Structures are given as C-alpha cells and as structure tokens.
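First up is the structure itself, then whatever we jot down about it.
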Amino acid sequence: MLSYSILQVASFLLYLSNVEEGGETMFPFENNSNKGTGYDYKKCIGLKVKPRQGDGLLFYSVFPNGTIDGTSLHGSCPVIKGEKWVATKWIRDQEQDDDF
C-alpha cells in the first residue's frame, strides 16, 4: 500500500446562518499573540470573525515555500445565543481519489 500525506493548504468557511451571540471563528495566535502562554481556548481571545449568513472566510495554512503557518490554527468560540451552521471546504495540494 502506498503511503503519503496530502497537505491542507487552505480552508474556506461559508457561514450558512447568523449567530445572535458568540460563535466567532477565532485565530488565537494571529500576529504571534498568545504563543507560549498556555493558551486557554475557553477564553476565546485572539483575532475573531463574526459569522454572518452568506459571508465566506478563506485562509491559508502554509506559506508559499510550503512551511506550515502556525497562526492559521483556528477554533470556534461557543455559541451563546442562536445556532451556527457552516460549510467547510478544505483545499489540498494534491487531487484526491474518491477512495479517501
């Protein structure tokens, strides 16, 4: 069996609903903030993008030279009021077969 990895180079998030409160997509390490501080994801600190129905968010996970961009690490703040619906498309560096 052939073994190799397929690198995820970018992500596209499409927000399918509005969220009344909370639910932001957060990038805790943007601008090299919060690194090495024992970051607590529950606090939801960092660059945040508020979900609005119909908006899209594209971000890259690697630099042009192929090294991983640690600031692309992301998460979701808890939804406090309402619901959050998102469609995600991962963009990879190789074509995939249907077997994956």
* Name the pairs whose Cβ atoms lie under 6 Å apart, with the first residue in the stretch 49-74 and without any contact (Cβ under 8 Å) to a residue 12 or more places away in the chain and farther than 16 Å from Val19 by Cβ, the second part of a loop (DSSP other than H, G, I, E, B) and among the aromatic types (Phe, Trp, Tyr), and 6 or more positions between them or separate chains? -> Asp69/Phe63
* **Members of the stretch 23-59 found to be of a type in the set (Gly, Ala, Ser) and modelled with pLDDT under 95, listed by number** => Ser33, Gly36, Gly38, Gly46
* Could you please give the count of residues in the stretch 76-92 that are modelled with pLDDT of 90 or more and either under 11 Å from the mean Cα position of the chain (by Cα) or in a strand (DSSP E or B) (or both)? => 10
* How about the stretch 37-51: which of its residues are part of a loop (DSSP other than H, G, I, E, B) and surrounded by 11 or more Cβ atoms within 10 Å (Cβ to Cβ)? -> Tyr39, Cys44, Ile45, Gly46, Lys50, Pro51
* Structure fact -> Being at pLDDT below 95, closer than 18 Å to Asn31 by Cα, small (Gly, Ala, Ser) and out of contact with any strand residue (DSSP E or B) (no Cβ under 6 Å at 6 or more places or on another chain) narrows Gly70, Gly66 down to just Gly70
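The values are calculated or read from the model by the stated rules, or taken from the named source; none is laboratory data. Note that this is a predicted model, so its numbers are computed, not measured. Note that each Cβ is placed from the backbone with ideal geometry, even for glycine, and that neighbours are counted across all protein chains shown.
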